[in-house]
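Presented below is the structure to which this report refers.
The values are calculated or read from the model by the stated rules, or taken from the named source; none is laboratory data. Note that the coordinates shown come from a computational prediction; the quantities given were computed from them, not determined experimentally. Please note: Cβ atoms are built from the backbone with ideal geometry, for glycine as well, and neighbour counts cover all protein chains shown.
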Amino acid sequence: MLHGKRILLIVAGGIAAYKSLELVRRLRERGAAVRAVLTAAGSQFVTPLSLSALTEDKVYGELFSLTDESEMGHIRLSREADLIVIAPATADLLARMAQGRADDLASTVLLAADKPVLAAPAMNHRMWLHPATQANLELLAARGVGFVGPVEGDMACGEHGPGRMAEPHDIVAAVLDHFAASAPLAGRRALVTSGPTHEAIDPVRYVANRSSGRQGHAIAAALARAGAETVLITGPTHEPDPPGVAMRRIESAREMFAACRDTLPVDVAVCAAAVSDWRPAAEAGQKMKKNGGDAPEIAFVENPDILAGLSEPGNRRPALVIGFAAETESIVEHARAKRARKGCDWILANDVSQGTGTFGGEENTVHLVAAEDEEAWPRMTKTAVAERLVQRIAERLAGTA
Ligand code: C5P
């Protein structure tokens, strides 16, 4: 299925362009959102109106159209897609891609793209077999462009040979294969805790901390992108909900623990929340009043340790339990001790000493401490930390049922 996937379809000029209309229907039937770019030559074969009706979106064609550029620049067109599909990919467009030209909207989008590209070539068989086209294909394949087809058959020009565009269902199959390969955690379940907890003193006051939830939310987003069914159990934060993630909003540590237990079984649990270590022993039923200048004494009791709880042996223990350690000195030694104490599999230790800006910042410096090995990661954005962690998780779970 392609639910939540965004495909940018580039339709170049060839008789096979009429099949791109059916391709849009088949991609959308499977849940994908499709946005189309139509080249000038492509618009000789299909109209912007039919593509627009089938995509239920605007069709983009002009590089220098002021309205297109103000609403949706050519850079954003590719940024907002998960995959770019070119169908039909003509000999001319492949040649322009190979050369890195940017002389119309389609080629400019392709040059500016940071997304995977899947091309379905379609052309006369002599054009296909020409050494110039074959050299372009080799170059594009070496740069990571994927190809589906062409197939052998009768051509619109009356000749026979390789060069017919793959059928829409074969292009859809190639799109599905692409997403299956980029979803190493498909079929896995994951839970992530994120953000601070709020521990009530009375109905209006609470004890909390400065956690932004940025790292935990980024991990949940990366797990979902890798295909895991992901539940994010979060304390109050200002972070937007990551796409494709089931949200469970809680306030206190005890609520977070209960939500985690409800979410089991999972294959992997990542505890990135800054759980309050203590909570007021008793929550006052009414707002506490100033009492003739006497400040109240608040007694605290310890909160449950969620990471340690999830790590306890038992048949509901996740195959992989990962915790964080915020340290200001002797980072790796403290992380090793914490891993042993909590019973989890991995600790991601980060340096939160003054001046690192880790708390609430965009970047993190992480050491991965596992029983079997340790890795020092370079300083990188929290999104990059999340991507790298998810890659490690996929590698580790690849060997398990
Ligand atoms: O013991 P410390 O708070 O340093 O441990 C940090 C790790 O333990 C983090 O992964 C945090 O999410 C987790 N933790 C927890 N429940 C607590 C305290 C910490 O899950 N009560």
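Of all residues in segment 283-325, those satisfying the criterion of being under 29 Å from the mean Cα position of the chain (by Cα) and more than 9 Å from the ligand (Cβ to nearest atom) are 311, 316, 317, 318, 319, 320, 321.
Conditions (1) in contact with a Cys (Cβ under 6 Å, 6 or more places away or on another chain); (2) modelled with pLDDT under 95; (3) buried (at least 20 other Cβ atoms within 10 Å of the Cβ); (4) hydroxyl-bearing (Ser, Thr, Tyr), marked per residue:
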| position | (1), (2), (3), (4) |
| --- | --- |
| 193 | yes, no, yes, yes |
| 200 | no, no, no, no |
| 208 | no, no, no, no |
| 232 | no, no, yes, no |
| 243 | no, yes, no, no |
| 253 | no, no, yes, no |
| 272 | no, no, yes, no |
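Within the option set 135, 113, being in the same structural domain as residue 13 (by TED's automatic domain parsing), at negative phi and at pLDDT below 95 holds for one residue only, 113.
Per the listing 187, 158, 153, the residue uniquely modelled with pLDDT under 95, over 32 Å from the mean Cα position of the chain (by Cα) and over 27 Å from residue 97 (Cβ atoms) is 158.
Is there a residue being more than 30 Å from residue 229 (Cα to Cα), in the same structural domain as residue 120 (by TED's automatic domain parsing) and not charged (D, E, K, R) anywhere in segment 21-33? Break it down stepwise before answering.
The first filter runs over segment 21-33 and keeps only residues more than 30 Å from residue 229 (Cα to Cα), leaving 21-22.
With the extra rule that they be in the same structural domain as residue 120 (by TED's automatic domain parsing), the set shrinks to 21-22.
Then keep just the ones that are not charged (D, E, K, R); that gives 21.
Yes, segment 21-33 contains a residue that is more than 30 Å from residue 229 (Cα to Cα), in the same structural domain as residue 120 (by TED's automatic domain parsing) and not charged (D, E, K, R).
Which is away from the ligand (no atom under 16 Å from the Cβ) and either within 30 Å of residue 300 (Cα to Cα) or in contact with a strand residue (DSSP E or B) (Cβ under 7 Å, 6 or more places away or on another chain) (or both), of 161, 216? Before you say what the answer is, go through the steps one by one.
Values: 216 fails: away from the ligand (no atom under 16 Å from the Cβ).
Answer to the check: 161.
Between 60, 18, which is hydroxyl-bearing (Ser, Thr, Tyr) and in contact with a His (Cβ under 9 Å, 6 or more places away or on another chain)? I'd like the intermediate steps shown before the answer.
On the way: 18 fails: in contact with a His (Cβ under 9 Å, 6 or more places away or on another chain).
Criteria check complete, one pass: 60.
Going by the structure shown, is residue 258 within 23 Å of residue 217 (Cα to Cα), within 12 Å of the ligand (Cβ to nearest atom) and of a type in the set (A, V, I, L, M, F, W, C)? No, not satisfied. When segment 270-310 is filtered for residues that are under 24 Å from residue 320 (Cβ atoms) and in a strand (DSSP E or B), the ones remaining, listed by number, are 270, 271, 274. What is the one condition in (1) of a type outside the set (Gly, Ala, Ser); (2) crowded, with 24+ Cβ neighbours inside 10 Å; (3) within 12 Å of the ligand (Cβ to nearest atom) that residue 268 does not satisfy? Exception for residue 268: condition (3). Restricting segment 19-37 to residues that are in contact (Cβ under 8 Å) with a residue 40 or more places away in the chain and outside any helix (DSSP H, G or I), the residue that is surrounded by the fewest Cβ atoms within 10 Å (Cβ to Cβ) is 30.
Of the set (1) under 17 Å from residue 168 (Cα atoms); (2) under 24 Å from the mean Cα position of the chain (by Cα), all apply to residue 74 but (1). Taking segment 139-149 as the range and being in a helix (DSSP H, G or I) and either at positive phi or in contact (Cβ under 8 Å) with a residue 24 or more places away in the chain (or both) as the test, the residues that pass are 139, 140. Applying the criterion of being surrounded by fewer than 19 Cβ atoms within 10 Å (Cβ to Cβ) and in contact with a helix residue (DSSP H, G or I) (Cβ under 6 Å, 6 or more places away or on another chain) to the residues of segment 161-191, the residue that is farthest from residue 118 (Cα to Cα) is 161. Take the conditions (1) touching a residue at least 12 places away in the same chain (Cβ under 8 Å); (2) out of contact with any His (no Cβ under 6 Å at 6 or more places or on another chain); residue 194 misses just one of them, which is (2).
Table: residues versus (1) without any contact (Cβ under 8 Å) to a residue 24 or more places away in the chain; (2) touching an Asp or Glu at 6+ places or on another chain (Cβ under 6 Å).
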| residue | (1), (2) |
| --- | --- |
| 293 | yes, no |
| 297 | yes, no |
| 306 | no, no |
| 315 | yes, no |
| 322 | no, no |
| 329 | no, no |
| 334 | yes, yes |
| 345 | no, no |
| 351 | no, no |
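For segment 350-363, the condition holds for at least one residue, the condition being that it is within 12 Å of the ligand (Cβ to nearest atom), part of a strand (DSSP E or B), touching a Ser or Thr at 6+ places or on another chain (Cβ under 6 Å) and at pLDDT below 95.
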